[in-house]
Ligand code: SF4
Ligand code: SF4
């Protein structure tokens, strides 16, 4: 919980130097410029396929890990679990353990009862507000926004977002809790498809535990099981299930019942592990007195690992092969061409230059595939095809006219080449020149 909360709350404050014309926040979703930044990776709207790849990669990692280790995501990393645990921890600190809380809720209203319940809800609201506030930091420059909270200089839009997220966090972690896992989360429904008898699960050793029953100090353990039916494992379960009934869909593999039962075993001087992380096959082998090691290498895990490797390599190649210059050309739709009084044929194009570097750049546009050609830029001032200026980290849009008095009588394939005058970096785009008898 400390690790996951620490990562969530502190990540927006990590700085990453990208040069003078780019944000220095390591993880940022900049809605204004429609770009996402993740350390050294920058994702432009045109590269949304990278986001798709990241989501596919995350899904395959989840499947792979689930097939090996069961629902570790649910038990240790899912935000719903982490914030619910945090809220339960606050409740326990303020109101006491389960029995004390039960007693408090059944007691008549008194100053002490109001004080404890009001304190719990106040702390929950503060945590929910901090959670919501941290979320919006991922979409803004974190230090600037953080200080503006203290100077009351926050925009109404941001405050509205924070209000909504505060309410949903308070509701989900304070009240809905495990109901979200049981009734709302789709993952809980299909995760069993990734389980088999060699998946690590939380299991109750029935052979060792049964027949269960109360046990007095000094009594013999002969002809009975090691479970003393203290229900500690049931009381700590956030999902309200009894793991002794076998693996159930509700179990999020949080391991709280393992700790609770181990504590009980310590107290009664028995070996730990009546409830433990184990596989069904391994547990059965132990019960039959066979030595069997864990079999993590299953065909299913090999498939997942292979898919994972393919997606990871594709993502790596996409990130490595990412260029910092892109040219896109769009032919004018109307008119497709005009014939000038001089007899020349002229086509219009919209060109978009994606300057993904953090420096202002000047580009030169040239064309191949047509003879005796002139490129004219429709822009205020003295902009020519040799001096197309695009500021850092942005898209430059120009309307150009290409004319030729040696135009063919049919559409001609042409290639635009854009060259960065500073670095000689180039990009090309294939287009069509349409003339008299063309399309
Ligand atoms: S905590 Fe252990 S001993 Fe107590 S009821 Fe659960 S399984 Fe039995
Ligand atoms: S049965 Fe155990 S591991 Fe599963 S949710 Fe309950 S306490 Fe957590």
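Based on the alpha-carbon set only, what is the convex hull volume of the chain divided per residue, in Å³?
Spread over its residues, the Cα hull of the chain gives 221 Å³ apiece.
In nm, what is the difference between 0.36 nm times the number of residues separating residue 168 and residue 54 and their Cα-Cα distance?
Net length gain for the segment: 38.4 nm.
State the three equivalent ellipsoid semi-axes of the range 321-366, derived from the C-alpha gyration tensor as the square roots of 5 times its eigenvalues, in descending order and whole Å.
Numbers: eigenvalues 188, 29, 11 Å².
They are 31, 12, 8 Å, listed largest first.
In 10 Å bins starting at 0, how do the alpha-carbon pair distances of the range 119-267 split up by percent?
9, 26, 23, 19, 14, 6, 3, 0
Can you sort 326, 376, 368, 32 by how many other beta carbons sit within 10 Å, fewest first? Before the final figure, lay out each step's value.
On the way: 326 18, 376 15, 368 11, 32 7.
Taking fewest neighbouring Cβ atoms as first place, the list is 32, 368, 376, 326.
Rounded, prolate or oblate: which fits the range 346-426 when a ≥ b ≥ c are the square roots of the eigenvalues of the alpha-carbon gyration tensor, with rounded for a/c under 1.5 and prolate only if a/b beats b/c?
On the way: a/c = 2.38, a/b = 1.90, b/c = 1.26.
Prolate.
Obtain the nm distance between the two label points defined at residue 123 and residue 230 by a simple spin-label model: each point lies 7 Å from its Cα along the Cα-to-C-beta direction.
About 2.5 nm, to one decimal.
Quick one: if you stick a label point 7 Å off each Cα along the C-beta vector at residue 312 and residue 149, how many nm between them?
3.6
Round to the nearest 10 and give me the degree value, 0 to 90, for the angle of helix 299-320's Cα axis relative to the longest principal axis of the chain.
With rounding to tens, the tilt is 40 degrees.
Where in the range 51-69 does the amide nitrogen come within less than 18 Å of the point 7 Å from the Cα of residue 302, taken along Cα to Cβ?
64-65, 67-68
Report, in deg cm²/dmol and to the nearest 500, the calculated mean residue ellipticity at 222 nm for the chain, where each DSSP H run with n ≥ 4 adds -39500 (n - 2.57) and the sum is divided by the residue count. It would help to have the intermediate numbers written out before the result.
Working: 13 runs with 165 residues, N = 439.
So the calculated ellipticity at 222 nm is -12000 deg cm²/dmol.
Can you give the angle from 0 to 90° between the axis of helix 79-95 and the longest principal axis of the chain, with both taken from C-alpha atoms, to the nearest 10?
40
So for 105, 282, fewest C-beta neighbours within 10 Å to most, what's the order? List each step's numbers first, then the result.
Numbers: 105 10, 282 18.
The fewest-first ordering by Cβ neighbours comes to 105, 282.
When the chain is fully extended, how far beyond the present Cα-Cα distance does residue 270 get from residue 92, taking 0.36 nm per residue of separation?
Values: separation 178, 0.36 × 178 = 64.08 nm, distance 2.84 nm.
Roughly 61.2 nm would be gained on extension.
Length gain on complete extension for the stretch residue 319 to residue 135, per 0.36 nm per residue less the alpha carbon to alpha carbon distance? Could you put the intermediate results ahead of the total?
On the way: separation 184, 0.36 × 184 = 66.24 nm, distance 2.61 nm.
Extra length from residue 319 to residue 135 when fully extended: 63.6 nm.
Using Cα pairs under 8 angstrom and six or more residues apart, how large is the relative contact order of the chain, in percent? It would help to have the intermediate numbers written out before the result.
Numbers: 658 pairs, mean separation 56.3, N = 439.
Result for the chain is 13 percent.
Set the Förster radius R0 to 51 Å, insert the Cβ-Cβ distance between residue 277 and residue 432 as r into 1/(1 + (r/R0)^6), and round the FRET efficiency to 0.05. Mind dumping the intermediate values first?
Values: r = 63 Å, r/R0 = 1.24.
So the FRET efficiency works out to roughly 0.20.
What does the C-alpha gyration tensor say about the overall shape of the range 197-287? Classify as rounded when a/c is under 1.5, otherwise prolate if a/b is larger than b/c, or oblate. Don't skip to the end; give the middle numbers.
Details: a/c = 1.99, a/b = 1.35, b/c = 1.47.
It is oblate, given that a/c is not under 1.5 and a/b is not larger than b/c.
For a Förster distance of 22 Å, can you work out the FRET efficiency between the beta-carbons of residue 248 and residue 99, rounded to the nearest 0.05? Kindly include the intermediate steps, with their values, before the conclusion.
Working: r = 25 Å, r/R0 = 1.13.
That gives a FRET efficiency of 0.30.
Can you tell which of 310, 338, 60 shows the greatest fluctuation in a Gaussian network model of the chain with Cα springs below 10 Å?
The residue with the greatest mean-square fluctuation here is 338.
Roughly what angle does helix 156-171 make with the longest principal axis of the chain, taking Cα atoms, 0 to 90 degrees, to the nearest 10?
30
Between the range 353-367 and the range 10-69, what's the alpha-carbon centroid distance in Å?
25
Each value in this text was obtained by applying a stated rule to the coordinates, not by laboratory testing. Keep in mind that this is a model prediction, so the values were computed, not measured. Counting neighbours? That spans all protein chains shown, and the Cβs are built from the backbone with ideal geometry, glycine included.
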